[in-house]
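*Asks:* Got a structure for you, questions after.
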Amino acid sequence: MKKISEEKGRKKVYEGKAKILYLYGGDESKLVTYFKDDATAFNGQKKGTIEQKGEFNNAISSSLFKLLKSKGIKSHFIEKLSEREMLVHHLKMFPVEFVVRNYTAGSLAKKMGVEEGVKLLSPVVELYYKSDELGDPMINETYLKAFDLGEPKDVEEAKKIAVNINEILKDFFDKNGLLLVDYKLEFGILNGNVLLADEITPDTMRLWDKVTLEKVDKDRFRRDLGGVEEAYKRVYDITSKI
Ligand code: ADP
Ligand code: TMP
Ligand code: ASP
């Protein structure tokens, strides 16, 4: 089936695992991000489909970018164009994933040899080099200059923004019955300014029910737990009130 952006004659510039990027008209300064139902895990090794994920993630991300904007956090978000499309500023992206954690889970629990769900005494912030082939290796600030991955001062600013976002999202999800366990953000540069980009969705966050500790995110897909669509729908319902 033809995607809405293709029907509109948009030029595809990139297709990733979860999204497709199109040019918005002939203007290279804006992109249309099309959210797919495709789901992958473990750097693309596990593949599947989550019904309606594209619609849920576009709506969830749009709402969360709006929430963050209302709290002074600037992002690439311009507007939600359709059920699966978001209009964004075209940024020069850092090839870096910024992971912030409040509780142990996933790779941190494994690395530190602790069970999942231990509250950290203060948030952990990690940088990963975005490369599926290499399995997104963890890096630190000294890699930035050494491998020309971005201006260290800009990445430092992105890190600060990533941590500020923690307070806003933690508080929002807490008020809506969910624990923000961890999340991954991406940032880029526009006219010398560091802006939040990409998406904020159950694909890129771990959210647990505050009472039952049930997982309400992509771990349901990663770990074959069932109830995947229902989890995304729950986050969609919560964020649609923003
Ligand atoms: P991946 O590339 O990891 O498979 P996606 O399928 O989500 O991930 O593809 C979206 C791509 O778009 C990502 O590589 C991301 O870094 C990039 N991106 C996100 N926001 C912007 C933006 N505003 N400008 C340019 N690139 C962006
Ligand atoms: P991790 O525990 O597997 O390192 O994941 C930490 C957080 O980052 C979790 O919320 C899921 C998210 N994440 C991504 O968004 N993309 C990725 O490629 C990986 C590995 C994790
Ligand atoms: N980004 C991962 C992948 O590449 C997905 C994940 O585990 O979130 O497949």
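*Asks:* Where residues in the range 32-75 are of a type in the set (Val, Ile, Thr) and open to solvent by less than 30 Å² (accessible area, probe 1.4 Å), which of them is nearest to Phe187 (Cα to Cα)?
*Replies:* Per the criteria, the residue is Ile73.
*Asks:* Given Lys145, Lys130, Lys153, Lys159, which one is out of contact with any helix residue (DSSP H, G or I) (no Cβ under 9 Å at 6 or more places or on another chain) and without any contact (Cβ under 8 Å) to a residue 24 or more places away in the chain?
*Replies:* Lys153
*Asks:* To continue, here is another question. Look through Lys30, Lys46 and report the one residue that is of a type in the set (Lys, Arg) and more than 16 Å from ligand 2 (Cβ to nearest atom).
*Replies:* Selected residue: Lys30, the only one of Lys30, Lys46 that is of a type in the set (Lys, Arg) and more than 16 Å from ligand 2 (Cβ to nearest atom).
Quick grid of which residues meet (1) out of contact with any strand residue (DSSP E or B) (no Cβ under 9 Å at 6 or more places or on another chain); (2) over 24 Å from Tyr232 (Cβ atoms):
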position: Gly72; (1), (2): yes, yes
position: Met86; (1), (2): no, no
position: His89; (1), (2): no, yes
position: Val99; (1), (2): no, no
position: Thr104; (1), (2): no, no
position: Gly117; (1), (2): no, no
position: Leu127; (1), (2): no, yes
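*Asks:* Among the residues of the range 122-173, count how many are more than 16 Å from ligand 3 (Cβ to nearest atom) and outside any loop (DSSP other than H, G, I, E, B).
*Replies:* 32
Table: residues versus (1) touching a residue at least 40 places away in the same chain (Cβ under 8 Å); (2) away from ligand 2 (no atom under 16 Å from the Cβ).
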residue: Lys74; (1), (2): yes, yes
residue: Leu81; (1), (2): yes, yes
residue: Glu97; (1), (2): yes, no
residue: Val100; (1), (2): yes, no
residue: Leu108; (1), (2): yes, no
residue: Val114; (1), (2): no, no
residue: Val118; (1), (2): no, no
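*Asks:* Select from the range 195-211 the residues that are open to solvent by 10 Å² or more (accessible area, probe 1.4 Å) and either more than 15 Å from ligand 3 (Cβ to nearest atom) or in a strand (DSSP E or B) (or both) and list them in ascending order.
*Replies:* Result: Leu195, Arg206, Trp208, Asp209, Lys210, Val211.
*Asks:* Do we have any residue at all in the range 101-114 that's open to solvent by 70 Å² or more (accessible area, probe 1.4 Å), more than 16 Å from the chain's Cα centre (by Cα) and among the small types (Gly, Ala, Ser)?
*Replies:* no
*Asks:* With respect to Val88, is the statement that it is within 14 Å of ligand 2 (Cβ to nearest atom) and in a strand (DSSP E or B) true?
*Replies:* No: the conditions fail for Val88.
*Asks:* Just the residues that are within 15 Å of ligand 1 (Cβ to nearest atom) and either closer than 18 Å to Val125 by Cβ or aromatic (Phe, Trp, Tyr) (or both), please, taken from the range 196-211.
*Replies:* Across the range 196-211, the qualifying residues are Leu196, Ala197, Asp198, Ile200, Thr204, Met205.
*Asks:* Does Tyr232 count as assigned to a helix (DSSP H, G or I), under 13 Å from Phe56 (Cβ atoms) and open to solvent by 60 Å² or more (accessible area, probe 1.4 Å)?
*Replies:* Taking the combined requirement at face value, the residue does not satisfy it.
*Asks:* Could you check the range 5-18 and list, in sequence order, the residues that are open to solvent by less than 60 Å² (accessible area, probe 1.4 Å) and touching an Asp or Glu at 6+ places or on another chain (Cβ under 7 Å)?
*Replies:* Once the filter is applied, which keeps residues that are open to solvent by less than 60 Å² (accessible area, probe 1.4 Å) and touching an Asp or Glu at 6+ places or on another chain (Cβ under 7 Å), the range 5-18 yields Ser5, Ala18.
*Asks:* Taking into account only those residues within the range 151-184 that are among the aliphatic types (A, V, I, L, M) and over 18 Å from Ser63 (Cβ atoms), which is most open to solvent (accessible area, probe 1.4 Å)?
*Replies:* Val163
*Asks:* Also: For the range 52-61, check the following and say yes or no: at least one residue is modelled with pLDDT of 95 or more, more than 27 Å from Leu149 (Cα to Cα), away from ligand 1 (no atom under 13 Å from the Cβ) and assigned to a loop (DSSP other than H, G, I, E, B).
*Replies:* There is at least one residue in the range 52-61 that is modelled with pLDDT of 95 or more, more than 27 Å from Leu149 (Cα to Cα), away from ligand 1 (no atom under 13 Å from the Cβ) and assigned to a loop (DSSP other than H, G, I, E, B).
The values are calculated or read from the model by the stated rules, or taken from the named source; none is laboratory data. Note that the structure is a prediction, hence the values are computed from the model and not measured. All Cβ positions, glycine included, derive from the backbone under ideal geometry; neighbour counts span all protein chains shown. What goes into the accessible areas is simple: the full protein's heavy atoms, side chains included, and nothing from ligands, DNA or RNA. Shrake-Rupley method; radii C 1.70, N 1.55, O 1.52, S 1.80 Å.
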